[in-house]
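Step one of this worksheet: look at the structure below.
The values are calculated or read from the model by the stated rules, or taken from the named source; none is laboratory data. This is a predicted model, so every value here is computed, not measured. A quick note on method: Cβ atoms are made from the backbone with ideal geometry, for glycine too, and the neighbour counts reach across all protein chains shown.
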Amino acid sequence: MAFKTLLLTFLIFISFSFLLLAQSRGIDSTYIEDVPDKMILRYYFSRKYTELNFSDQLGVYEPNSGLNMGVGFTFQKFTLNIAVPFSFLNPERQKDWPRFLDLQSHIYPNNWIIDLFGQFYTGYIIKDYYATGEDYFRRDIRTVKLGVSASYLFNGEKMSFEAAFHQTAIQKKSAFSPMLGFEAYRVRISGNELILPQENGPIPGNYTRADYYQVGPNAGIAGTLVIGKGFFLTGAASGNLGLGFSKADRDKETLNVNLMTGYFLRGFAGYNGKRFSINGSYVYKQLNLANQQDVSPSANTGNYRINVVYKITPSKKFADTYSRFNVVRLLEKIKG
């Protein structure tokens with residue numbers, strides 16, 4: 001647990017560093033209305049997950065995650081959300097299973113889309129195993145996924161993903177932008193037994209542990225469509241070409257190198273006004289991993305959320321006091 005705490009601290013530090021280092025040309029007020037004096041209060045439902053897709057060999061291992069209910073706020077560029085997977089929301093979730101930790105940070109400074117991943121899952125399930133109507137349970141399977149994705153929006157001064165994701169601005173006019181960036185990931189999949197059950201015979205490349213690395217560029221397009229007054233559709237789609245490495249535990253001859261493709265999708269929709277907002281979002285990363293003979297998995301991460309937002313204007317005294325302790329503002333002063 002100490003390692004996970006250290007990683008959380010590292011991810012928070014990196015998140016703020018990206019916010020400070022990502023240079024911005026500002027915003028075009030013709031397209032975006034900034035509301036820096038507003039505190040964004042949110043009530044939301046969300047689910048985060050990383051599934052393992054072994055396609056023809058087995059199907060999809062799904063984690064024992066569930067629907068979360070939470071509250072949060074955003075003020076002066078700092079966001080804090082706290083959510084809990086209450087049992088009444090997840091009656092089918094397995095009880096007394098190993099705990100997991102899913103850290104995802106999706107950051108949208110002007111002109112940038114930045115995603116950070118630190119995920120630690122233990123315990124997976126295959127629904128309707130081989131069409132038998134029964135579920136296949138593997139409490140022992142563990143997945144560790146660390147990654148970063150950063151893409152530059154060439155017309156980012158006219159588009160606000162902050163408006164779509166955090167509602168800290170209002171998109172007034174439709175806009176589109178090409179995007180270009182890079183991605184890097186490290187994934188480990190392990191178990192106490194072979195990852196793929198061999199009920200129908202041996203599977204070449206099967207393993208009890210494999211380590212994967214991937215790095216490469218991405219490119220895509222992003223856009224936001226404003227409908228009427230306050231209603232919006234915002235999305236981004238990118239593909240990546242990565243140099244992938246894999247190393248399994250069977251012997252010393254299992255190092256493989258492949259060119260891998262994948263994609264990153266995100267979508268937001270709803271109403272965002274000066275006082276209220278209700279919206280939904282979905283972020284999905286499909287990550288193909290370098291093969292081990294016949295074993296060609298993908299580690300796919302999703303995060304969907306429904307928000308109900310109320311915006312208030314705190315008093316000047318509160319805002320000034322808060323500003324003195326706001327980590328983002330303190331780092332901005334250091335940068336300046």
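Details
- Restricted to strands (runs of 3 or more DSSP E) entirely inside the stretch 124-224, those with at least 1 residues that are basic (Lys, Arg) and surrounded by fewer than 19 Cβ atoms within 10 Å (Cβ to Cβ) are 136-153, 175-190.
Okay, residues lined up against (1) at pLDDT 85 or above; (2) exposed (fewer than 14 other Cβ atoms within 10 Å of the Cβ); (3) more than 25 Å from Arg305 (Cβ to Cβ):
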{"position": "Lys4", "(1), (2), (3)": "no, yes, no"}
{"position": "Ile14", "(1), (2), (3)": "no, no, no"}
{"position": "Leu19", "(1), (2), (3)": "no, no, no"}
{"position": "Ala22", "(1), (2), (3)": "no, no, no"}
{"position": "Val35", "(1), (2), (3)": "yes, no, no"}
{"position": "Thr50", "(1), (2), (3)": "yes, no, no"}
{"position": "Ser55", "(1), (2), (3)": "no, yes, yes"}
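- You will find that of Gly228, Gly242, Gly235, the residue that is more than 18 Å from the chain's Cα centre (by Cα), closer than 19 Å to Tyr284 by Cβ and not acidic (Asp, Glu) is Gly242 and no other.
- Within the stretch 51-92, considering residues that are touching a residue at least 12 places away in the same chain (Cβ under 8 Å) and among the hydroxyl-bearing types (Ser, Thr, Tyr), the one nearest to Gly302 (Cα to Cα): Ser65
- Qualifying residue in the stretch 167-174 (condition: under 24 Å from Gln286 (Cα atoms) and not aromatic (Phe, Trp, Tyr)): no
- Failed condition for Phe268, given (1) touching a strand residue (DSSP E or B) at 6+ places or on another chain (Cβ under 9 Å); (2) part of a loop (DSSP other than H, G, I, E, B): (2)
- In the set Arg305, Arg250, Arg329, only one residue is among the charged types (D, E, K, R) and modelled with pLDDT of 95 or more; that residue is Arg305.
- Exclusive hit being among the basic types (Lys, Arg) and free of Cβ contacts under 8 Å to residues at least 12 places away in the same chain, set Lys48, Lys95: Lys95
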